[in-house]
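The values are calculated or read from the model by the stated rules, or taken from the named source; none is laboratory data. All values reported here derive from a predicted model rather than from experimental measurement. Keep in mind that these areas ignore ligands, DNA and RNA; they rest on the heavy atoms of the full protein, side chains included. Shrake-Rupley method; radii C 1.70, N 1.55, O 1.52, S 1.80 Å.
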Amino acid sequence: MIPSLLVQTWAVFVKELQLLRRDRGGLAVLFIMPVVLVLIVCLVQDNILKVSGATTVKLLLVDHDQGALGQTLLHQLEEGGSFSVTRVENEIDSPKAQHDVGDGIWQVGVYLPVGVSEELSRRAFAQIKQGFSELSKQEKLSTPSPTLTIEYFFDPAVQGGLQAGIRGLLHQLVASEALKLKMDAFQTLLPAQLERHISAELGPMFAQVLAQKPLKLNLPDSNEPLLQAVLANNEDKFTMPTSVQHNVPAWTLFGIFFIILPLSGVLLQERSHGVLPRLLLAPGQRAGLLIGRLLAYLMLCMMQFAIMTAVGFYVLPRLGTDILQIGGHGGALFVVALCAGLTACGFGLLLGVIAQSEQQAIMTAAVAIVISAALGGIMVPVYMMPAAMQTISVISPLGWGLDACQVLFLRGGTLSDIVPQLSTMLGCFTICLLISWRKLRHLNG
């Protein structure tokens with residue numbers, strides 16, 4: 001039984017390769033189309049992605065301070081409409097927040113330590129006091145209090161332009177709050193300083209002396225930064241995303257899924273010409289008809305993967321973009337491409353046995369691939385989509401593959417970290433294969 005299955009599988013495998021070899025135009029489209037796509041998109045987006053922003057960003061505000069600064073940040077960020085803010089108090093600490101942001105649960109995290117509002121107020125009060133030149137050295141702040149900093153960190157998948165915009169906004173909000181505290185301190189201290197100045201130096205002729213020697217306020221610059229950027233997860237293994245890091249794996253997956261068109265088309269041609277029913281009646285195992293065809297088209301998918309990876313390494317840098325950086329994750333990336341290829345081939349087999357005509361299969365496959373690419377973040381990152389679309393995007397097979405690539409490329413993940421995505425793709429392939437098998441049995445009557 002097993003030898004006959006192997007012979008039949010090999011025969012079908014060779015037959016499919018011969019059919020593909022004869023269709024040189026189809027093969028050219030299959031390999032050239034994704035290469036052209038990735039070249040054009042990478043070159044077009046090389047600068048755009050560096051300065052682009054998002055309409056809605058998920059932000060985690062860890063407010064251990066529970067003071068005025070946290071309330072101000074929450075109000076200002078929500079009022080702008082560009083952030084979906086989740087505020088927690090003592091539920092998680094800074095390392096946990098960095099880990100969650102690094103895993104992509106939120107795009108941005110802000111951590112307010114205990115006492116930061118009081119520290120900001122103290123600094124403002126101290127700077128105002130030091131600004132009055134008449135203040136004695138004994139009255140100046142001589143024992144510095146512990147330095148507190150506000151930490152903020154980003155999901156590595158967030159583009160550099162968006163990071164710069166959010167970073168500038170956070171600094172602006174904190175500076176605005178610091179200026180407000182300085183004005184409050186100024187209003188508090190100024191009357192006492194005026195009274196001291198008048199009583200000590202002006203006497204009854206205060207108006208004349210004030211005209212000759214006006215009270216001046218010289219505010220020193222604070223050399224203690226209050227905000228500090230922290231790498232999410234506190235690890236040095238993350239890569240700054242570029243157009244190449246996003247587009248090469250994204251459009252490689254897009255090209256791999258286009259294998260659905262020729263695979264389903266060949267099956268439909270065999271059905272319409274009566275070839276498939278005769279093959280099913282021939283002695284041997286029906287499984288060989290599926291496995292042989294599956295292996296032939298899966299080999300094409302892996303050839304696509306190799307070509308697109310080579311383009312990222314050798315072609316794109318010569319055209320002025322960044323080089324594709326995969327670190328030490330080449331093996332894991334190969335597994336992702338293999339699982340994506342299996343998923344695409346499984347859907348192609350399913351479509352080939354359930355579609356009623358070749359035109360129906362072509363339209364269904366083309367629309368399904370484009371929709372899946374749009375939902376999966378191939379064209380626009382998922383975090384830039386509306387909330388409803390982000391929820392729906394979890395059904396996209398291309399999204400599963402792209403998410404796995406981002407875990408490897410941008411989050412420093414390993415093969416064990418992408419097991420959920422790989423399992424989902426393999427589960428989808430298994431379901432498609434089982435349905436195709438049952439449908440073949442019905443075709444044989």
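For residue 334 and residue 417, compute 0.36 nm times the residue count separating them, minus their Cα-Cα distance, and round to one decimal in nm.
This chain segment gains 28.4 nm when fully extended.
May I have the convex hull volume per residue, in Å³, for the Cα set of segment 297-359? It would help to have the intermediate numbers written out before the result.
On the way: hull volume 6.1 nm³, N = 63.
It comes to 96 Å³ per residue, whole-number rounded.
To the nearest 10 Å², what's residue 432's accessible area with a 1.4 Å probe?
10 Å²
Taking all protein chains together and a probe of 1.4 Å, list 302, 379 from the most accessible to the least accessible.
Order by accessible area, largest first: 379, 302.
Ordering 400, 437 by accessible area with a probe of 1.4 Å, largest first, what comes out?
On the way: 400 45, 437 80 Å².
Solvent-accessible surface, decreasing: 437, 400.
Hey, what's the Cα Rg ratio for segment 64-125 versus the globular rule of thumb, 2.2 N^0.38 Å?
So the Cα radius of gyration is 1.20 times the expected 2.2 N^0.38 Å.
Taking the alpha-carbon centroid of each part, what is the distance from segment 351-412 to segment 83-114 in angstrom?
Rounded to whole Å, the Cα centres lie 29 Å apart.
From largest to smallest, what semi-axes in whole angstrom does segment 317-418 give when each is the square root of 5 times an eigenvalue of its alpha carbon gyration tensor?
Value: 27, 18, 15 Å, ordered largest first.
For a 27 Å ceiling on Cα separation, which of these pairs sit above it: 96/180; 58/96; 129/180?
The pairs that break the limit, which is 27 Å between Cα atoms, are 96/180.
Keeping every protein chain in place, order 177, 151 by accessible area at 1.4 Å, biggest value first, i.e. largest first.
Ranking 177, 151 by accessible area, largest first, yields 151, 177.
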